[in-house]
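Below are the structure tokens for one structure; questions will follow.
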Amino acid sequence: MYGTFASYPLRHPVIGCPCCVSRADQERIASKVLRQLDGYDLERFTWKAMSTWGDEDDFKHFLPRILELVSDAQERRDLPYLFVIFGKLGYCKEWTEQEREAVTNYLLALWRWILAGHPGREEDSLLASEYLEAMLYGIDDLAPFLNAWRDMCMPSSLRQLAEVISNHAWDSRLAKSSQVQAWLREDATGQMLEEGFYTYIDEDWVEELALAVEVWEWTANSALLAYTAPRDPL
């Protein structure tokens, strides 16, 4: 990503609302070379970017480093919430194809990294549910991410899927995404869980998959009944 956005230099000071951006704020984001800025350095700019501090070109300058820090648990604590960061990516719809592709490819790489870690492995690890919900604020088409999930049929990705279905899919922002809901209710998703259950039946965490299969079957059947049930006669 750094190469793609290298044509957007730091314009110091970055134009901003004088009531919202102090001289100390300006100096902080210019205190180090881009790749050495940390979450604390970029926290306030990330909140204010393209609203009261800087324009799209300024945001593009810092974007590679902001997204890179998302993958670091310690640095991520200093950044705004994921939905704030990803919400600003809604602006990228008007960017060049090369820029949009760079952003998508990085987010996909980060997504695969998240799926490779099972829920709860580390206290500050990112959950698939958290990442997916945040992407809904700025990414219109989640098909590449959902397809990648389907392709990663391994213990960690299965446990992430079980966590989403059991804890988040039906009573969260994910429930409002027709694309996510359609994918979760596909037979292939249920089959992925069921095959995972039988493949890893001797593992001590397999009950996570068993519960997810039960929840999936109940919701899938409920959706089918709601669709096919005849209307009561008048």
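The values are calculated or read from the model by the stated rules, or taken from the named source; none is laboratory data. The model shown is predicted, which means the values in this text are computed figures rather than measured ones. Note that we place each Cβ from the backbone using ideal geometry, even for glycine, and neighbour counts take in every protein chain shown. Surface areas here come from the heavy atoms of the whole protein model, side chains and all, with no ligands, DNA or RNA. Shrake-Rupley method; radii C 1.70, N 1.55, O 1.52, S 1.80 Å.
Going through the stretch 52-67 one residue at a time, which ones are touching a Phe, Trp or Tyr at 6+ places or on another chain (Cβ under 8 Å) and open to solvent by 40 Å² or more (accessible area, probe 1.4 Å)?
If the condition is that a residue be touching a Phe, Trp or Tyr at 6+ places or on another chain (Cβ under 8 Å) and open to solvent by 40 Å² or more (accessible area, probe 1.4 Å), then 56, 57 are the ones that fit.
Tally the residues that are open to solvent by 70 Å² or more (accessible area, probe 1.4 Å) and at pLDDT 95 or above, restricting the search to the stretch 12-26.
So the count comes out to 4.
Let me ask another. For residue 112, all conditions in the list (1) more than 23 Å from residue 196 (Cα to Cα); (2) open to solvent by 30 Å² or more (accessible area, probe 1.4 Å) hold save one; what is the number of the exception?
Single failed check for residue 112: (1).
Does the stretch 185-201 contain any residue that is closer than 17 Å to residue 132 by Cβ and among the aromatic types (Phe, Trp, Tyr)?
There is no residue in the stretch 185-201 that is closer than 17 Å to residue 132 by Cβ and among the aromatic types (Phe, Trp, Tyr).
Sticking with this structure for a sec: Please return the ranges of helices (runs of 4 or more DSSP H) entirely within the stretch 1-97 where 1 or more residues are within 22 Å of residue 133 (Cα to Cα).
39-48, 56-70, 73-76, 82-88
Now for a different question. Regarding the stretch 36-51, can at least one residue be identified that is open to solvent by 70 Å² or more (accessible area, probe 1.4 Å), out of contact with any Asp or Glu (no Cβ under 8 Å at 6 or more places or on another chain) and farther than 26 Å from residue 140 by Cα?
Within the stretch 36-51, one or more residues are open to solvent by 70 Å² or more (accessible area, probe 1.4 Å), out of contact with any Asp or Glu (no Cβ under 8 Å at 6 or more places or on another chain) and farther than 26 Å from residue 140 by Cα.
May I ask you to list pairs of residues, at least six apart or on different chains, whose Cβ atoms are under 8 Å apart, with the first in the stretch 1-25 being within 30 Å of residue 97 (Cβ to Cβ) and the second being open to solvent by less than 40 Å² (accessible area, probe 1.4 Å) and assigned to a loop (DSSP other than H, G, I, E, B)?
Matching pairs, first to second residue: 10/30; 12/30; 14/21; 14/54; 15/54; 16/54.
All but one of (1) open to solvent by 50 Å² or more (accessible area, probe 1.4 Å); (2) modelled with pLDDT of 95 or more; (3) small (Gly, Ala, Ser) hold for residue 210, so report the exception by its number.
Failed condition: (1).
Another one. Output the number of the condition that residue 6 fails; it satisfies all remaining conditions of (1) touching a Gly at 6+ places or on another chain (Cβ under 6 Å); (2) open to solvent by 40 Å² or more (accessible area, probe 1.4 Å); (3) aliphatic (A, V, I, L, M).
(1)
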